[in-house]
Amino acid sequence: MGGSSTVSSCWTFESEYFGQLTYCGQPGVYGTLGTPAAGNTPGARDSAANWTDSGGHLWLFGGNGADANGIFGRLNDLWEFNPSTNQWAWMGGSSTMLCGFDGNYATVCVQAGVYGTLGTPAAGNIPRGREYAVSWTGNDGNFWLFGGTGFDVNGNYAYLNDLWKYQPMASLGGRPRPSDRRGNRSSGSRTAHSSFVTSPRPRIGTLGECQSYPFCATISSKI
């Protein structure tokens, strides 16, 4: 259906604990934001989040993998795949990594997020790069994302506990809605967790839910 059967890019970095590490994979071809094209394809990755919308389109977010330049790290790019046209569209997030050194003198690369103002939608809001986040689709068709492993806003490698909600389609020509974050209480950080949906509102484990806002991040409350 697409992608590549060969590897064309490798990224080597130093780690205090593991020494020199090398990752290899195909870089992403991002094209124009919001525009499907036959040549578009996400970079190689693992541990990404995914959803299916009401129209049968497949959505992909983040994971650990390669950006447009073949640099490996935690991704925050959002993609939409239309099975009827066999085309990808880059819908949000970054196409390139920011790299630096952590406190253990290891090279780390990540796509930075924009949290915005809690409870206020904004077109530029996007979660930070991460892997192993849990994802699910609410009964209203909105996408939900919680936690995972990545770097916080201070550059600390950590288990994350931010909760995001995204409305994939809107009246504005079917373009993604702006995003916001919302909430006032916190649940513990975690990675590689599971989720489920109840009626009428989606919930995660013993966590609460966001209000009716597009791509919102919230600190959740107990059920």
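Odds and ends about this structure:
- For region 34-48, a residue qualifies if it is of a type in the set (A, V, I, L, M) and at pLDDT 95 or above, and the qualifying residues are A37, A38, A48.
- Residue ID - nearest to Y132 (Cα to Cα), chosen from residues in region 30-57 that are hydrophobic (A, V, I, L, M, F, W, C) and out of contact with any Ser or Thr (no Cβ under 6 Å at 6 or more places or on another chain): A48
- Output for region 19-33, where each listed residue is modelled with pLDDT of 95 or more and surrounded by fewer than 14 Cβ atoms within 10 Å (Cβ to Cβ): T32, L33
Yes or no, residue by residue, for (1) touching a strand residue (DSSP E or B) at 6+ places or on another chain (Cβ under 9 Å); (2) in a loop (DSSP other than H, G, I, E, B); (3) among the β-branched types (V, I, T); (4) modelled with pLDDT of 95 or more:
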residue: W51; (1), (2), (3), (4): yes, no, no, yes
residue: G55; (1), (2), (3), (4): yes, yes, no, no
residue: G63; (1), (2), (3), (4): yes, no, no, yes
residue: R74; (1), (2), (3), (4): yes, no, no, no
residue: E80; (1), (2), (3), (4): yes, no, no, yes
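- Residue among S135, S187, S171, S221 that alone is farther than 20 Å from L75 by Cβ and either modelled with pLDDT of 85 or more or touching a strand residue (DSSP E or B) at 6+ places or on another chain (Cβ under 6 Å) (or both): S187
- Scope region 98-109; condition under 15 Å from N154 (Cβ atoms), assigned to a strand (DSSP E or B) and at pLDDT below 85; matching residues: G100, F101, V108
- The residues of region 38-49 that are part of a strand (DSSP E or B) and surrounded by fewer than 17 Cβ atoms within 10 Å (Cβ to Cβ) amount to a single one, D46.
- Enumeration of residues in region 123-156 that are within 16 Å of R45 (Cβ to Cβ) and of a type in the set (D, E): E131
The values are calculated or read from the model by the stated rules, or taken from the named source; none is laboratory data. Note that the coordinates shown come from a computational prediction; the quantities given were computed from them, not determined experimentally. A quick note on method: Cβ atoms are made from the backbone with ideal geometry, for glycine too, and the neighbour counts reach across all protein chains shown.
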